[in-house]
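Novice: Would you mind keeping the following structure in view while I ask a few things?
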Amino acid sequence: MDLLRSEPMQLVQLIIPIESAQRSISYLGDLGLFQFKDLNEDKSPFQQTYASQVKRCGEMSRKLRLFKEQMKKANISPSTWSTRDGSIDLEKLEVKLAELEAELIEINSNNEKLQHTYNELIEYKLVLEKVGEFFSSAQISAATRQRELEVQQPSVEGSIDCPLLMEQETTAYPVKQIKLGFITGLVTREKSIPFERILFRATRGNVFLKQAVVEHHVLDPLSGEKVHKNVFIIFYSGERVKSKINKICDAFGANRYPFSDDLSKQFEMMTEVSERVVELKTTIDVGLLHRSNLLQTIGYKFEQWNLLLQKEKSIYHILNMLNINVTKKCLLAEGWCPVFATSQIQKTLMRATMDCNSQVEAIVQVLQTNELPPTYFCTNIFTSSFQEIIDAYGIAKYQEANPGVYTIITFPFLFAVMFGDWGHGICLLLATLYFIINEKKFYCQKLGDILEMVFGGRYIIMMMALFSIYTGLIYNEFFSIPFELFGQSAYGCRDPTCRDATTIGLVKVRDTYPFGVDPKWHGTRSELPFLNSLKMKMSILLGVSQMNLGIILSYYNAKYFENNINIWHQFVPQIIFLNSLFGYLSLLIIVKWCTGSQADLYHVMIYMFLSPTDDLGENQLFVGQKLLQVILLLLALVSVPWMLLPKPFLLKKQHQERHKSQSYSLIYNVDDPLESKSHGIHKNHQEFDFSEVFVHQLIHTIEFVLGAVSNTASYLRLWALSLAHSELSSVFYDKVLLLTWGYNNIIVLIVGIIVFICATVGVLLVMESLSAFLHALRLHWVEFQNKFYEGDGYKFNPFSFTSLNDEDGL
Amino acid sequence: MYGFEAMTFNIHGGYLEAIVRGHRSGLLTTADYNNLCQCETLDDIKMHLSATEYGPYLQNEPSPLHTTTIVEKCTLKLVDDYKHMLCQATEPLSTFLEYITYGHMIDNVVLIVTGTLHERDVQELLEKCHPLGMFDSIATLAVAQNMRELYRLVLVDTPLAPYFSECITSEDLDDMNIEIMRNTLYKAYLEDFYRFCQKLGGATAEIMSDLLAFEADRRAVNITINSIGTELTRDDRRKLYSNFGLFYPYGHEELAVCEDIDQVRAVMEKYPPYQSIFAKLSYGESQMLDKAFYEEEVKRHCLAFEQQFHYAVFFAYMRLREQEIRNLMWISECVAQNQKSRVHDSVVFIF
């Protein structure tokens, strides 16, 4: 159970008697420590042993989906507190679901029929209203026109302007009434224009169409959807036109309703329709109540059924992965499990056998294999989020040193170096503590994307906050306000007037400030040069030590896998190369800090390469420095070919030796088929291509040598981001808060405070922390992990029911 | 000639090309077909399809399945893909995509008109129509009595209107008329589509002219074979051939005078690209010709995906999907009717 090396795994073969197979798999799913291998990959889904059961499960989940949809329509949510009254087995559930589905479908179809008639009646009512209105208004206008005509008639006779034809017309056919037929109905509004157009074309304009808008939605009887509709009335003459109009109405889905122009009949129909509407309404309501009751009872059990079904489905999927024996009496399973879980698995299988009253016990057998086992770390709630940072880069190779262990401390620390402010740190801490305290509540909830991310990383954020309080105290930053927390400043005024307190005129009057940066530095002219020098050097020290840690981890890896070549021809020259250049620089930095020397370190480092034999002059820090430099330079120069050349040749030699010995050993083992098979596998992947190995080593060497310089420079980002953070916070403090304070106006001050808070939260707490997080991430992934981490493993993915509950299967 | 499509194509067409290529990789493979051919029941087919892109469309179907449901749902998938692409498309791609559906529109018009001629229920006919070829007033087609009315009432509003100019007659509709109308419309449509593609230029023009020429030639051969022994005169037959393609113009002259299938074959074998089609067929056989044509077509459509920055991939994808749906229909029919020995007769493997 340690985090540095992943759990030792083994390939296990389970032989499970067929009668207890399902229960065994179910218990293993509860245990969640066994990763099944698919032994039936070549079979198509319906050829598998349990295909029919999978199909049945699919059918049942379809029914559940139907229920869910219906419940959603009826606004009934499945109750989350599922009542667990005894376990239902799959057969009973299937019967029950089928019954419920049949009932639901019947109720629905009945309701639909009723609804259909109801909608039709409503439409009819609308037609009666609108067309009735139209008829009455038409009658009134016709009557007035008639009267006008009658009034005009006498004067027409005398007038000369009056067209003669009109008179003829009016007099010629005064009595011949053309019997106009009419059709009334409803058509959807967006179709009304094309409808009118087609009518016009089909009848060559020999119809009169009148439409009236229905203001509110109408439920279409056929589709049951809410649509806007128009009531129309079409006047036509002739039977052929009528049949055409009817066809067009059909084509447009316009529902036609009979209407009579007789007023008393209209009234009669109106009352009849209204009565029937009321009747139907009550029937429909009763039906709906019945339905919602049914759905409610389904809703109580829904979650339970859903869970059961998903479990069963996953069990059958696993069962399909197993190899069925020729005798069809037992199933053969293969898979990975951690070594520590062997006894647990045995016990679980035993329990399953007992519960099934099976005669034959399941057999657990450990297999030997050359396959690379999956990587499995036993993480807890705290370490898992750090492990995820590593996994995002690449899953560790089986039993490789896991950088996750160190990340728990180094990651928040490097973050805090860039985010050093104890005020901001406290803000972050409070925010993350809120998440941690309400952990249980948040677990059940579905969170948004970003919130989910923050919640997942709550322990990382907590560590980051704690460390940034710590570094904030060292930097003496609190929203860029200096505090004298650890006693008084070491500096004081030279004379009592002290007019130039922020620039010069300060002398050391007390002992050195005990912890962190002296608050007096804040706001002085030399603040920046002082902090820059401090942080830059600190970044290099941190970087060199982290890179050394990485190289040392590569030593532990090589030792663990007993790879002497890697120790002597990779680890040793690497550590010599790095330390002879940048380890030396770190040493100079420390010596300079301790002695307070004025030496120029740039100069020393540059001239170490350009002219190593020259005299150091005033830049000398300690005796014998020149000699040391020459030795270190030579060591660095030697270590480069050391890294490059020996390893490929040694590998080649090793390969040849192994190859030789293998060709001998094969003869002895011919009798044993298993043994020879494993050798065959062994031989296959040992193809050795020297040029490839050499080029690989060349690349590796160049990368390391160049990387030593560029990675060290890369650690200077610690300084740069820390500088940016403190400067930004001082800008917000000085230019917003202090400036508005100076106005002596309460409103300006409030505005200033609001701006300050927004800027602090938005820019410093969110954006700056995000960028510091990303830079810390990069320093770990690139600068630290490329020294030792292979990350080409694959994750242990056990069959477990707990992971099932998270995802909504439907 | 190639312009600088590579430089600017992705501004408008890049997203959709990516989409269509993604859709293409969702097409069923030979392995899928092999599995499907081994299915015992329609439920097996459904189960197999649930692992493919058709999964979401079939998963909510209750268990006694019918072939029509499978085909309907699969077509729905194609229609959804098409609609999504059409929504995202800008000019001229959107016009190009619309052109693809005109063929279905013609088929639908013919289907409805023939159906009403035989006094079938309009609603029933509408269900049989291809959803890609639907337009607003399609149901109104049933009202029309002759071509002129058909045009004046309904089709004048549709994109098919210009194609109608050649077949407006006042004759009453009958089967022969309708078939001639279908072919005339198709001819006009293919020619128009061809011109449009030429106007687009670049790789689109090059590849599409190849695909459309194949289509036109196939139609010419089909018209010839189907009109052998009917009262259609040679001149009329000649008029139905599209005025482009490999057979144009000399092949058309020869096809117009063909009297039996072997003559057609002789004409076609003069054209090297079509020689391979007949290589597998024995003399006098016309049943397998369709399949041979389909196989050739699928091959050409697959090749369209080899080149980038052109619109022909959309056309090819739609056609390949349609072929796939035809395959599925055939397989499920064979499974449903217990004719599994005939499964391979008409299935065209795409990959």
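Novice: Of the residues B:Phe293, B:Phe278, which single one is touching a residue at least 60 places away in the same chain (Cβ under 8 Å) and either of a type in the set (A, V, I, L, M, F, W, C) or under 30 Å from B:Phe4 (Cα atoms) (or both)?
Specialist: Within the list B:Phe293, B:Phe278, the selection yields B:Phe293.
Novice: Also, I was wondering about something else. Just the residues that are small (Gly, Ala, Ser), in a loop (DSSP other than H, G, I, E, B) and more than 7 Å from chain A (Cβ to nearest Cβ), please, taken from region B:133-154.
Specialist: Within region B:133-154, B:Ala144 is the sole residue that qualifies.
Novice: Further question: Can you find, within region A:177-196, the residue that is nearest to the other protein chains (Cβ to nearest Cβ) among those that are surrounded by fewer than 17 Cβ atoms within 10 Å (Cβ to Cβ) and in contact with a helix residue (DSSP H, G or I) (Cβ under 8 Å, 6 or more places away or on another chain)?
Specialist: Here the residue is A:Pro194.
Novice: Return the residues of region A:228-246 that are within 14 Å of chain B (Cβ to nearest Cβ), of a type outside the set (A, V, I, L, M) and surrounded by fewer than 19 Cβ atoms within 10 Å (Cβ to Cβ); say none if nothing qualifies.
Specialist: Selection gives A:Arg240, A:Lys242, A:Ser243, A:Asn246.
Novice: If B:Val71 meets every condition in (1) surrounded by fewer than 20 Cβ atoms within 10 Å (Cβ to Cβ); (2) among the hydrophobic types (A, V, I, L, M, F, W, C); (3) in contact (Cβ under 8 Å) with a residue 40 or more places away in the chain; (4) within 14 Å of another protein chain (Cβ to nearest Cβ) apart from one, which number is that one?
Specialist: (4)
Novice: Consider B:Ala213 against the criteria (1) in contact (Cβ under 8 Å) with a residue 24 or more places away in the chain; (2) more than 14 Å from B:Glu297 (Cα to Cα): it satisfies all of them except one. Which criterion is unmet?
Specialist: Unmet for B:Ala213, out of (1) in contact (Cβ under 8 Å) with a residue 24 or more places away in the chain; (2) more than 14 Å from B:Glu297 (Cα to Cα): (2).
Novice: From B:Ile100, B:Ile112, B:Ile106, which residue is more than 23 Å from A:Phe195 (Cα to Cα) and either within 11 Å of chain A (Cβ to nearest Cβ) or surrounded by 15 or more Cβ atoms within 10 Å (Cβ to Cβ) (or both)?
Specialist: B:Ile100
Novice: Can you tell me how many residues within region A:744-753 are surrounded by 12 or more Cβ atoms within 10 Å (Cβ to Cβ), over 20 Å from A:Gly425 (Cα atoms) and not small (Gly, Ala, Ser)?
Specialist: Number satisfying all stated conditions: 4.
Novice: Same structure, new question: Every residue in region B:8-42 that is facing another protein chain (nearest Cβ under 9 Å), over 19 Å from B:Cys302 (Cβ atoms), surrounded by fewer than 20 Cβ atoms within 10 Å (Cβ to Cβ) and without any contact (Cβ under 8 Å) to a residue 60 or more places away in the chain, please.
Specialist: Hit for region B:8-42 is B:Gln38, nothing else.
Novice: Also, quick follow-up: Can you find a residue in region A:28-43 that is modelled with pLDDT under 80, within 14 Å of another protein chain (Cβ to nearest Cβ), part of a loop (DSSP other than H, G, I, E, B) and crowded, with 18+ Cβ neighbours inside 10 Å?
Specialist: So far as region A:28-43 goes, no, none of its residues is modelled with pLDDT under 80, within 14 Å of another protein chain (Cβ to nearest Cβ), part of a loop (DSSP other than H, G, I, E, B) and crowded, with 18+ Cβ neighbours inside 10 Å.
Novice: Go through region B:1-55 and report how many residues are modelled with pLDDT of 85 or more, within 21 Å of B:Glu91 (Cα to Cα) and in contact with a Gly (Cβ under 7 Å, 6 or more places away or on another chain).
Specialist: Qualifying residue count for the region: 0.
Novice: Can you find, within region B:118-132, the residue that is farthest from the other protein chains (Cβ to nearest Cβ) among those that are among the hydrophobic types (A, V, I, L, M, F, W, C), assigned to a helix (DSSP H, G or I) and out of contact with any Asp or Glu (no Cβ under 7 Å at 6 or more places or on another chain)?
Specialist: Among those residues, the one meeting the criterion is B:Leu132.
Novice: Look at A:Tyr443 and say whether it is more than 30 Å from A:Leu716 (Cα to Cα) and crowded, with 16+ Cβ neighbours inside 10 Å.
Specialist: Criteria not met by A:Tyr443.
Novice: Select from region A:379-399 the residues that are assigned to a helix (DSSP H, G or I) and farther than 15 Å from A:Val782 by Cα and list them in ascending order.
Specialist: Across region A:379-399, the qualifying residues are A:Thr383, A:Ser384, A:Ser385, A:Phe386, A:Gln387, A:Glu388.
Novice: Same structure again: Show the residue pairs meeting these rules: Cβ distance below 6 Å; 6+ apart or different chains; first residue within region B:50-63 and more than 11 Å from every other protein chain (Cβ to nearest Cβ); second residue outside any helix (DSSP H, G or I).
Specialist: Correct list of pairs: B:Glu53/B:Gly26.
Novice: Is there any pair linking a residue in region A:322-343 that is over 22 Å from A:Gln368 (Cβ atoms) to one that is at pLDDT below 80, with Cβ under 7 Å and at least six apart or on different chains, and which?
Specialist: Matching pairs, first to second residue: A:Ile324/A:Thr49.
Novice: Go through region B:17-46 and count every residue that is among the hydrophobic types (A, V, I, L, M, F, W, C), touching a Leu at 6+ places or on another chain (Cβ under 9 Å) and either part of a helix (DSSP H, G or I) or farther than 25 Å from B:Asn338 by Cα (or both).
Specialist: Number satisfying all stated conditions: 4.
The values are calculated or read from the model by the stated rules, or taken from the named source; none is laboratory data. A quick note: this is a predicted structure, and the numbers were derived from the prediction, not measured. Neighbour counts run over all protein chains shown; Cβ positions are idealised from the backbone, glycine included.
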